[in-house]
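Here's the structure, in structure tokens; my notes come after.
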Amino acid sequence: MADSDAEKAANASIDMAPGPVSAIDKDAMKLAEMGYTQDMKRNFSVWSVLGVGFSLTNSWFGISAAMITGINSGGPLLIIYGIILIAIVSTGVGISLSELASALPNAGGQYFWANELAPRRYANFTSYLTGWFAWAGSVFTSASVALAMGSAMVGCYQLSHPDFLIKTWHVFLAYQMANLFCFFFNCYGKTLPKIATVTLWTSLISFAVILITVPAVAPTHQHAKFVFTTFINNTGWAQGGIAFIVGLVNTNWSFACLDCATHLAEEVHRPERMIPIAIMGTVAIGFVTSWFFSMSMFFSIVGDFSNISTSSTGVPILELFFQALGNRGGAIFLEALIIATGLGCLVASHTWQSRLCWSFARDRGLPGHRWLSKVHSSLDVPVNAHILSCVLVAIVGCLYLASLTAFNSMITACIVLLYISYSIPVCCLLLRGRCTIKPGPFWLGPLGLVSNVVLLAWTLFTLVMYSFPYARPVLASNMNYVSVVYAVVTIIMAADWLVRGRNSFRGAGERKADVRDVVEAVRLGSVS
């Protein structure tokens, strides 16, 4: 496809730049050709980007937090085979994201791709829609991880104090403590790559310790038939297939947020290669760890399974550890490994949501964009975007006090909203034609097309099926309010678009017009 006049001008300015070519930061120059300046330093390596990506997705941790909920809606069969199904879908999602991240590496990720690929007439609104869905999904994701941490910490205390009765406000307080604690880890840019690498190894070491210890110490083990063929339906749905789908939400949560690495594209060198490695590595490690973890834990269940699902700790995996090891100290130690892993997950989620907020704000996609788009010169992080995102997570947590059911609906929303944000640029790509864009180093041709179709089909499936009630008979206490969450997000987004966004949002046309000036600024800064 022919370059636009602005792109030709940018390329010409690069070709004619005086001074040694090696003096020019090629990554910064590629970014300038998109109309952006290099606001943050490229401190991340491929390992630290993978650390952030996997720490956030962290499939085995997700399974540990949601295992029993899934079992009530399908049993071990759901988890064991559901992981395989979601891993296949996630491979398609990962390939779709990796191709776009390789061709168009930008911290904006999906909202930037939508702006580049959509028809010019609809590009700004399409991009704006994508950005809002992605950021809302990231906030809800952080809330879900913080809740898992709050529940785990309170559960450990209850196990060590058997007479302690857990109340909603206990978990809420621990939720807010986890959110605040993890907030500080994203306040200094130079340490983030090291933190990401540490959280990656923390997760893998914790996984290995639990995987080996629990089955080795458990006095008895379940039969293979229980692990691989047992189907449990405690949902009230007469149809087993519906029960399976309702439970699949929890397994799907364990593979969510695969776009995380794409939003670090401006903090790593050669992002067109490094980001796809991080995304696909996240899927591969996530599948291996989550599947073997699930199988190991199911074999290690001691006694009646109902004792685990009704644990007074409120954390079934902790009860499983206690029954397998036979002592409270050992169970709390293993749960502490999960908590350490989960806190790393929440740190990564904060990194992700702050980059989404910052990148979207620099194109004036959010109210207060002038404040949110600033990167602190000495801390080298978008502090304002980070503060706002974490404050929103704290506010969302207040809903837990009012209704656990409504809060759980936001967890479902985080999955579907993110899938929608992936699907919009992919739809634009297919309508435009895959052959019309210049591919990056990661481009799989026909396999990429199949992956695009898988992503779109799964998004449609989740949008419909994940809106079903969690159980029957349907009551106010077990109703799935995810449609209300969609409505609230859409109303907020539509109001901002009508009042401010449609006149303020900086789309591809305005960015392309700024390319020459941005490229010149980068060139002068590089060779001075």
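Between residue 472 and residue 432, what length in nm is gained on full extension when 0.36 nm per residue of separation is reduced by their alpha carbon distance?
Length gained, residue 472 through residue 432: 10.0 nm.
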Completion exercise
Computed about the Cα centre, the charge dipole of the chain from +1 Lys/Arg and -1 Asp/Glu charges at the Cβ has a magnitude in debye, to the nearest 20, of 440
Handout entry: Per residue accessible area in Å² of the chain, where ligands, DNA and RNA are left out and the probe is 1.4 Å
Key = 38
Handout entry: Contour excess over end-to-end distance, with Cα ends at residue 216 and residue 404 and 0.36 nm allotted per residue
Key = 64.1 nm
Fill in the blank from the handout: Among 198, 385, 125, the residue whose Cα sits farthest towards the positive end of the charge dipole of the chain, when +1 is placed on the Cβ of each Lys and Arg and -1 on the Cβ of each Asp and Glu, is 125
Practice task
State, as an integer percentage, the relative contact order of the range 352-430 based on alpha-carbon contacts under 8 Å between residues 6 or more apart.
Solution key: 19
Problem - Cβ-based charge dipole, the chain, positive-most Cα from 152, 462, 74 - result: 462
Handout entry: Separation of alpha-carbon centers, the range 153-198 and the range 260-285, rounded to whole Å
Key = 27
Fill in the blank from the handout: Expressed as a whole-number percentage, the relative contact order of the chain with C-alpha contacts under 8 angstrom and at least six residues apart is 34
Completion exercise
Once phi for every residue in the range 314-330 is put through the Karplus expression 6.51 cos²θ - 1.76 cosθ + 1.60 (θ = phi - 60°), the whole-Hz ³J(HN,Hα) values, with Gly and Pro written as x, are x, 10, x, 5, 5, 5, 4, 4, 4, 5, 6, 8, x, 9, 5, x, x
Practice task
Could I have the simple spin-label model distance between residue 201 and residue 122, label points 7 Å from Cα toward Cβ, reported in nm to one decimal?
Solution key: 4.9
Practice task
Determine the relative contact order of the range 96-180: mean sequence separation of Cα pairs under 8 Å and six or more apart, normalised by residue count, in whole percent.
Solution key: 21
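In the structure displayed, which of 167/374; 41/512; 194/374; 26/190 lie more than 32 Å apart, Cα to Cα?
Violating the 32 Å limit, Cα to Cα: 167/374.
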Problem - Taking only Cα atoms of the range 222-305, radius of gyration then Dmax in Å - result: 18.1, 53
Exercise for the section: Give the carbon-plus-sulfur fraction of the accessible surface of the chain in %, rounded to a whole number; probe 1.4 Å, heavy atoms of protein chains only. Expected result: 68
Problem - Part-to-part distance (alpha-carbon centres) for the range 84-149 and the range 348-398, which is given in Å - result: 17
Problem - Degrees between helix 271-299 axis and first principal axis of the chain (Cα, 0 to 90, nearest 10) - result: 0
Handout entry: Convex hull (Cα only) mean projected area of the range 169-274, reported in nm² to one decimal
Key = 12.0
Fill in the blank from the handout: Of the candidate values (i) 75, 42, 42; (ii) 75, 47, 41; (iii) 86, 56, 38, the one computed for Cα extents along the principal axes in Å from this structure is (i)
Completion exercise
If R0 = 35 Å, then residue 306 and residue 379, at their Cβ-Cβ distance, give a FRET efficiency to the nearest 0.05 of 0.10
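The values are calculated or read from the model by the stated rules, or taken from the named source; none is laboratory data. Computed from a predicted model, the values in this text were never measured in an experiment. A quick note on method: Cβ atoms are made from the backbone with ideal geometry, for glycine too, and the neighbour counts reach across all protein chains shown. Ligands, DNA and RNA are stripped out before the accessible areas are found, and what is left, the full protein with its side chains, is counted by its heavy atoms. Shrake-Rupley method; radii C 1.70, N 1.55, O 1.52, S 1.80 Å.
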